[in-house]
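S.K.: Below you'll find the structure I mean.
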Amino acid sequence: MYNKHLYIPRACTISAIREETPDIKTFKLSFREKWEMEGVDLVEESDFRPGQFVQVSVLGLGEAPISISSSPKDRGYIEISVKASGSVTEGIHGLKEGGEVGLRGPYGNAFPIDDCKGKDFIFIGGGVGLAPLRSLIRYVMSEREAYGDITILYGARSSKDIIFREELDGWNAVKDTKAYYTIDRPEPGWSGNVGVVTTLLKDIGDIKGAKVFVCGPPIMISFALKGILSFGARDEDIYLSLERYMKCGVGKCGHCYIGGKYACMDGAVFSYAQLKDMEVEEAAGV
């Protein structure tokens, strides 16, 4: 994916819509024409990395930064999972298959996948925060033998708020992979775990040396950090996303400037060690 100008969005067609929860939908986006650089179709090559985001725009409403939830291995399209929480995202939710959005990007750094071969992975997600993690999970699953054990912990408000539920169950069936999910409060007919996502940490045992990826609401991230640190995770092995701070996506507006860095350019993925060095853990909500 290549944008010839930082501020010019590219028209995309919504080729499929999947309702994940009452307020979260996944949109499959296809490009109206090839976007080439030096003869290479960068859409077919899926030129983005897990953890990056795009700026999605709706005519007359503006744009919003949204993480890519598909894998670079998913050729010819990208997916975004959108929670209706403002005028732009509600506008996206109001679109139908065949409708159009504008797209800029991809922007930001990415999860350090090249440094993780042979390592155990732990993914901790809350709410729509599982979406950017899904991009990395799907990527790792496509090269499963290159990595160690994988554990996925996910928390939602209720059973109706669980996203990618079929995929969670499918991942749980993959060799050396475990997926656990929980809801915040008991409800009729629910026989699974009840409690915040950190209550699932008891199921994973020793996590020393594992790479840990966390994304979700600030309060969830804060408690998840305390939990995984108490289980022996190292600061430099914990990665978090600060995408909620971003606006322009290209380091111009200053909206995401924190600790001497721009979340949209230097992030949105930071290690916990980086945040501590920047002395911005509290400001970052962790």
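S.K.: Give me the pairs, please: first residue somewhere in region 245-264 and farther than 16 Å from Ser57 by Cβ, second residue anywhere and at pLDDT below 70 and charged (D, E, K, R), beta-carbon distance under 7 Å, and either six or more positions apart or on two chains.
M.R.: From region 245-264, the pairs are His255/Lys247; Cys256/Lys247; Gly259/Glu279.
S.K.: Here is a further query. Check Pro106 against each of (1) more than 30 Å from Gly205 (Cβ to Cβ); (2) not in a strand (DSSP E or B) and name the one condition it does not meet.
M.R.: Exception for Pro106: condition (2).
S.K.: Condition test on Val250, is it more than 15 Å from Ala224 (Cβ to Cβ), aliphatic (A, V, I, L, M) and modelled with pLDDT of 70 or more?
M.R.: No, not satisfied.
Residue by residue, here is whether (1) over 14 Å from the mean Cα position of the chain (by Cα); (2) of a type in the set (Gly, Ala, Ser); (3) part of a strand (DSSP E or B); (4) at pLDDT below 95 holds:
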{"site": "Glu45", "(1), (2), (3), (4)": "yes, no, no, yes"}
{"site": "Arg49", "(1), (2), (3), (4)": "no, no, no, yes"}
{"site": "Gly60", "(1), (2), (3), (4)": "yes, yes, no, yes"}
{"site": "Ser67", "(1), (2), (3), (4)": "no, yes, yes, yes"}
{"site": "Glu79", "(1), (2), (3), (4)": "no, no, yes, no"}
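S.K.: Those residues that are acidic (Asp, Glu) and surrounded by 16 or more Cβ atoms within 10 Å (Cβ to Cβ), I need them from region 150-180; list them, please.
M.R.: Matches in region 150-180: Asp161, Glu167.
S.K.: Can you name every residue in region 81-101 that is of a type in the set (Lys, Arg) and part of a strand (DSSP E or B)?
M.R.: Selection gives Lys83 alone.
S.K.: Okay, moving on. In region 189-197, is there at least one residue being without any contact (Cβ under 8 Å) to a residue 12 or more places away in the chain and either part of a strand (DSSP E or B) or among the polar types (S, T, N, Q) (or both)?
M.R.: yes
S.K.: For region 7-22, does any single residue satisfy the condition of being at pLDDT below 95, crowded, with 17+ Cβ neighbours inside 10 Å and assigned to a loop (DSSP other than H, G, I, E, B)?
M.R.: Scanning region 7-22, I find at least one residue that is at pLDDT below 95, crowded, with 17+ Cβ neighbours inside 10 Å and assigned to a loop (DSSP other than H, G, I, E, B), so the answer is yes.
S.K.: Okay, moving on. Using beta carbons and a limit of 6 Å, which pairs, at least six apart or on different chains, have the first residue in region 136-151 and assigned to a helix (DSSP H, G or I) and the second one among the small types (Gly, Ala, Ser)?
M.R.: If the second residue must be among the small types (Gly, Ala, Ser), the pairs left are Arg138/Ser71; Tyr139/Ser71.
S.K.: Considering each of Leu95, Leu133, Leu103 in turn, give the residue that is in contact (Cβ under 8 Å) with a residue 60 or more places away in the chain and closer than 25 Å to Val196 by Cβ.
M.R.: After ruling out the rest, the residue left standing is Leu133.
The values are calculated or read from the model by the stated rules, or taken from the named source; none is laboratory data. All of these numbers come straight from a predicted model, not from anything done at the bench. All Cβ positions, glycine included, derive from the backbone under ideal geometry; neighbour counts span all protein chains shown.
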